[in-house]
Amino acid sequence: MKTVFPNLMDELEKRGMTYRQLAQEIGLSNLAMYRRLAGLTKWSLYEAIRISWFFNGVDINYLFEEKERS
């Protein structure tokens, strides 16, 4: 999937997970997770913190560093 958050996707790939599995872990629908990863909707602070905790405290700024969508 194309994303504006490649670091987040890299962390998922390192763990052999899909964005759908992460969505389930943090309580988002697949569509909501897709829209956030694509940069179509914004993350809430709560969601960002939950994801950081899920990845054992990986820095939020690193995970959510935006790259331009192509």
Computed, not fitted: 222 nm per-residue ellipticity of the chain from DSSP H runs ≥ 4 (each -39500 (n - 2.57)), nearest 500, equal to -15000 deg cm²/dmol
Once normalised by the length of the chain, the mean sequence separation of its alpha carbon contacts under 8 Å that are 6 or more apart gives a contact order in percent of 48
Between the residues GLY57, LEU31, THR18, the Cα farthest towards the positive end of the dipole of the chain, that dipole coming from +1 and -1 charges on the beta-carbon of Lys, Arg, Asp and Glu, is from LEU31
Per its Cα gyration tensor (rounded if a/c is under 1.5, else prolate when a/b beats b/c, else oblate), the chain is best filed as rounded
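Bear in mind these aren't lab numbers, they're just calculated from the coordinates by the rules spelled out. Only a predicted model underlies this, so the values are computations on that prediction, with no experimental measurement involved. So basically every Cβ, Gly included, is an ideal-geometry build from the backbone, and we count neighbours across all protein chains shown.
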